[in-house]
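The values are calculated or read from the model by the stated rules, or taken from the named source; none is laboratory data. Because the structure is predicted, anything quoted here is derived from the model rather than measured. Glycine gets a Cβ as well: all are built from the backbone with ideal geometry, and neighbour counts include every protein chain shown. Just so you know, the surface numbers come from the protein's heavy atoms only, side chains and all, with ligands and any DNA or RNA stripped out. Shrake-Rupley method; radii C 1.70, N 1.55, O 1.52, S 1.80 Å.
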Amino acid sequence: MQRHDLLARLHELVQPRTYFEIGVRKGRSLTLSRVPSVGVDPFFVLTHELHCDVHLVRTTSDEFFARRHPFAHFPEQVVDLAFIDGMHLAEFALRDLINTERHCHPASVIVIDDMLPRSVVEAGRGRVGSADGGAWAGDVYKIIDVLHEHRPDLVVVELDTLPTGTVVVLLPDPSDTSLAAAYDHVVGDLVTPDPQDVPERVLTRSGAMDPATFVALPIWGELRAARRHRPAEARRRVRDACAASGLLQPPAQLSGQAPAAVAR
Amino acid sequence: MSARGALEVDELTSWARRRDDGIDVSVRLPGTALPPGPVQVRLVAGNARRRCDGTARADGDATVLDFRVEQLRLGPVAWQISVRGGEQDRFQRVRARLLAVGTQPVALLPGPAPATVHPAPRPRDAQTRLHEVVATLPPPVRTGLRRARDVARKGVRTVQGLRERSTGGAR
């Protein structure tokens, strides 16, 4: 499944009230949105028509989040579905995730692109892969381990999408500041010279789930319903739905076979 | 050096992070040969200016500029970085900006600052409690309320127009 096919399915399943995107570029993913949307990109060059009520912001994502009310465009200043496809460097992607989570709800869905490079060249911080006409994932994959270590409460699902893999983050907690607090300690470890030491698990995608299996999970109705509830109750409901679908298992067990709820 | 004369920055190896009550910044300037030793760093955001001391060191054909900003909060704007070797030298712009807002991770922003021709539009009016209540009503009721609101607005405009006509538009 291509990443844009996954995103299109998530729009259908999540039925977000609001959509947020970092890294608009040509508008190929923003064109999927039909709800109030905010797109951020310092150098967007749209070639796709947009069909939504959108606030398109020409700035860096860090500066966007520094605004007093970055999501003033939304009727309710909450992000239901977010797609992070900005700068392909780990420290930038981690900041984008930290800053996006502050504007989420436990039932929000955050999608991060370029998380599973297929080669060391593709995972380079320098754009060597793209210079050859190939894809450039960068070293964004590093934040998977950061999330597992510092935010075990998040549900982090690696998906085997084309071309460079995707991660979906469920159960965001806007009140949790542990990742922001850890940022200054981990950023030194993230910024390392090429070639990157990419784990075999990432290159082979052994921890990744089939995206078709993921979108078939019976969690989406509960996730939509959870938006009506206060954060604590919404969190409990989404967590229960994830547990029932087998999403709380370690990633290695997820990829091997379809979760129990799907197998039924 | 870039077309506008700013010193290019290597985005792959440059970084900024908080430590204690300050921010440590390391900026690698490829193809730049600043004399190793102490340097002065200037941060500019609009009319605001901050200065701090730093050091330059050679790294192959590049210069690495290390400095520390003692004040943790720099405000919700990106600060343009400039550097000079001594009091007699002119400040040279570095193609990077520093952003440090209390609630989010500190960010070094390499590359040119994105520019728009016009200022940012005024954000949509904030939704009031009344908006939230109305949003829960069935669509036909909302449509009726919207029509009533439009009629009332039209009436107000008509009265205002009559008043302006009677006073010749003077206030």
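Quick one: which of B:LEU99, B:LEU7, B:LEU43 is aliphatic (A, V, I, L, M), under 25 Å from A:PHE43 (Cα atoms), free of Cβ contacts under 8 Å to residues at least 40 places away in the same chain and open to solvent by less than 10 Å² (accessible area, probe 1.4 Å)?
On the way: B:LEU7 fails: free of Cβ contacts under 8 Å to residues at least 40 places away in the same chain; B:LEU43 fails: free of Cβ contacts under 8 Å to residues at least 40 places away in the same chain.
That would be B:LEU99, the only listed residue that is aliphatic (A, V, I, L, M), under 25 Å from A:PHE43 (Cα atoms), free of Cβ contacts under 8 Å to residues at least 40 places away in the same chain and open to solvent by less than 10 Å² (accessible area, probe 1.4 Å).
Of all residues in the range B:24-40, those satisfying the criterion of being within 14 Å of another protein chain (Cβ to nearest Cβ) and open to solvent by 30 Å² or more (accessible area, probe 1.4 Å) are B:ARG28, B:PRO30. When the residues of the range B:12-23 are filtered to those that are open to solvent by 50 Å² or more (accessible area, probe 1.4 Å) and not polar (S, T, N, Q), the one that is farthest from the other protein chains (Cβ to nearest Cβ) is B:ASP21.
May I ask you to say which residue of A:PHE65, A:PHE71 is buried (at least 24 other Cβ atoms within 10 Å of the Cβ), farther than 27 Å from A:LEU247 by Cβ and within 14 Å of chain B (Cβ to nearest Cβ)? Outline the logic, then answer.
Values: A:PHE71 fails: buried (at least 24 other Cβ atoms within 10 Å of the Cβ).
After ruling out the rest, the residue left standing is A:PHE65.
A single member of A:ASP194, A:ASP240, A:ASP173, A:ASP184 is under 17 Å from the mean Cα position of the chain (by Cα) and open to solvent by 10 Å² or more (accessible area, probe 1.4 Å), and it is A:ASP173. Take A:LEU159 and tell me if it is more than 14 Å from chain B (Cβ to nearest Cβ), open to solvent by less than 10 Å² (accessible area, probe 1.4 Å) and modelled with pLDDT of 95 or more. Yes. When only residues in the range A:34-58 that are part of a loop (DSSP other than H, G, I, E, B) and within 10 Å of chain B (Cβ to nearest Cβ) count, which is surrounded by the most Cβ atoms within 10 Å (Cβ to Cβ)? The extreme case among them is A:ASP41.
Consider the range B:132-171 and keep the residues that are at pLDDT 80 or above and outside any helix (DSSP H, G or I). The one that is nearest to A:GLU76 (Cα to Cα) is B:THR136. Would you pick out the residues in the range A:10-26 that are under 17 Å from A:ILE84 (Cβ atoms), outside any loop (DSSP other than H, G, I, E, B) and open to solvent by 10 Å² or more (accessible area, probe 1.4 Å)? Hit for the range A:10-26 is A:HIS11, nothing else.
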